[in-house]
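First up is the structure itself, then whatever we jot down about it.
The values are calculated or read from the model by the stated rules, or taken from the named source; none is laboratory data. What you see is a predicted model; the values in this text were computed from it and never measured. Don't worry about glycine lacking a Cβ; one is built from the backbone with ideal geometry, like all the others, and counts go over all protein chains shown.
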Amino acid sequence: MKDKFQEIIKKATIDIENVQSFHELNNLKSRFTGKKSEIKDFMKYLSSMTPEERPAFGKMVNDTLEEIGKLLEEAEQRLQENDYEKTIKSSQFDYTMPGRPVLRGGKHPLTLVQEQIEDVMISMGFQVAEGFDIEDDYHNFDALNTPKDHPSRNLADTFYVVKNHDEDLLLRTHTSPAQIRVMEKYKPPIKIISPGRAYRNDKFDPTHSPVFHQCEGLVVDEGISFKDLRDTIDILLKKMFGKGCKSRFRPHFFPFTEPSAEVDVSCFNCAGKGCSTCKNSGWIELFGAGMVHPNVFDMVGIDSEKYTGFAFGCGIDRIAMLKFHIPDIRMLFENDIRFLQQFTFSR
Ligand code: DAH
């Protein structure tokens, strides 16, 4: 019996060694190891064997199948390698040619600035809140203490999505409604920023775009003072523009803050000496800010006797333009890959 098995292995070895195609290999596989193979056929002798003879016989069958299996595997590998070489040889492709350069993606300058603001503010314990691009006029104006006859409500300044007497929907004209959304939902202490898009009916020119980006900030708690506002903005500016950067607060008016201020930063281009970036003033206006107006607290049901707060808003596009010396805001929206490839940030 043993000789029979040896003979099969010998036959298989010769045939498998000469195999030229996967098709032939498959045929050999079923011929030597398939259900109808000679070896499997031997199983019929099992029934005529004594129980003592059976294990040795079974082992022989298995060993033979295993050995042929190995030969088949080696042949398959050999065919695969040949196949690959043939493809390469027959192809017209010049494998020595250098590859085409792959364009690496980079972050948009607005994303870089927004992320930097977020990093600094998160490090001071702020959370990032999201607002809605489409707002109702209550959140965009009324709840922010903006009078009904305020010029910013004008159709010429605001994009209205729906305008009728019951409900006005609009593209938010600033990120400030995010303050209201947060105060409606959460009780003080509140410490958030909310970056996002804002829309105004401005014609495109080098410094205006009908869609632009702002970052809102809001802190509400007991005992929050104007000094906290000054310190927070000072830290943000120093982290963004360097330790030597100074800020100055000028009195201003916003309906939703009292007192209100505009915040200028010392020109980081000329360090305050005067240049074209700062129009020779040495200062660049970057923020609107102030102490949350008690009327705003009343609108959202926060006790204005107990709590005080500060808020601020800054233009992300403007910061990006100044930081990266981008002369025209439209470049931020044209998605020209040659422009976008230039920006990386060293933190
Ligand atoms: N929303 C104002 C604007 O778009 C900017 C602003 C000013 C935001 C004062 C504030 C603030 O939160 O307190 O011009």
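Remarks
- Boolean, Thr277 is more than 16 Å from the ligand (Cβ to nearest atom) and under 26 Å from Asp119 (Cβ atoms): yes
- Hits in segment 167-191 - residues which are surrounded by fewer than 18 Cβ atoms within 10 Å (Cβ to Cβ) and either touching a residue at least 40 places away in the same chain (Cβ under 8 Å) or in a loop (DSSP other than H, G, I, E, B) (or both): Glu167, Glu184, Tyr186, Lys187, Pro189
- Counted residues, segment 65-103 - those being farther than 23 Å from Thr33 by Cβ and without any contact (Cβ under 8 Å) to a residue 12 or more places away in the chain: 19
- Residue pairs whose Cβ atoms lie under 8 Å apart, separated by 6 or more positions or on different chains, with the first residue in segment 311-339 and within 14 Å of the ligand (Cβ to nearest atom) and the second in a loop (DSSP other than H, G, I, E, B) and of a type in the set (A, V, I, L, M, F, W, C), are Ala311/Phe256.
- Single residue of segment 105-146 satisfying the filter (without any contact (Cβ under 8 Å) to a residue 60 or more places away in the chain and not in a helix (DSSP H, G or I)) that is farthest from the ligand (Cβ to nearest atom): Gly105
- Scan of segment 87-126 for residues that are loosely packed, with under 14 Cβ neighbours inside 10 Å and polar (S, T, N, Q), ordered by number: Thr87, Ser90, Ser91, Gln92, Thr96, Ser123
- Segment 286-306 residues that are in the same structural domain as Phe249 (by TED's automatic domain parsing), paired with ones that are surrounded by fewer than 23 Cβ atoms within 10 Å (Cβ to Cβ) and basic (Lys, Arg) (beta carbon under 8 Å, 6 or more apart): Leu286/Arg318; Ile302/Lys187
- Segment 13-50, subset over 57 Å from the mean Cα position of the chain (by Cα) and part of a loop (DSSP other than H, G, I, E, B), residue surrounded by the fewest Cβ atoms within 10 Å (Cβ to Cβ): Thr50
- Val113 β-branched (Val, Ile, Thr) and not assigned by TED's automatic domain parsing to the domain that holds Phe254: no
- Hits in segment 279-319 (condition: modelled with pLDDT of 95 or more and of a type in the set (Gly, Ala, Ser)): Gly288, Ala289, Gly290, Gly301, Ser304, Gly309, Ala311, Gly313, Gly315
- In summary, Glu262 fulfils each of the numbered conditions (1) surrounded by fewer than 20 Cβ atoms within 10 Å (Cβ to Cβ); (2) more than 20 Å from Val113 (Cβ to Cβ); (3) modelled with pLDDT of 95 or more with the single exception of condition (2).
- Filter result for Arg200 (out of contact with any helix residue (DSSP H, G or I) (no Cβ under 6 Å at 6 or more places or on another chain), within 29 Å of Ser281 (Cα to Cα), within 12 Å of the ligand (Cβ to nearest atom) and among the basic types (Lys, Arg)): yes
- Scanning segment 278-317 for residues that are polar (S, T, N, Q), more than 19 Å from Ser176 (Cα to Cα) and crowded, with 16+ Cβ neighbours inside 10 Å returns no hits.
- Filtering Asp221, Asp205, Asp149 for residues that are out of contact with any Pro (no Cβ under 6 Å at 6 or more places or on another chain), away from the ligand (no atom under 13 Å from the Cβ) and either under 28 Å from Gln116 (Cα atoms) or modelled with pLDDT of 90 or more (or both) leaves a single hit, Asp205.
- Restricting attention to segment 64-86 and to residues that are among the basic types (Lys, Arg) and exposed (fewer than 12 other Cβ atoms within 10 Å of the Cβ), the residue that is nearest to Ser21 (Cα to Cα) turns out to be Lys86.
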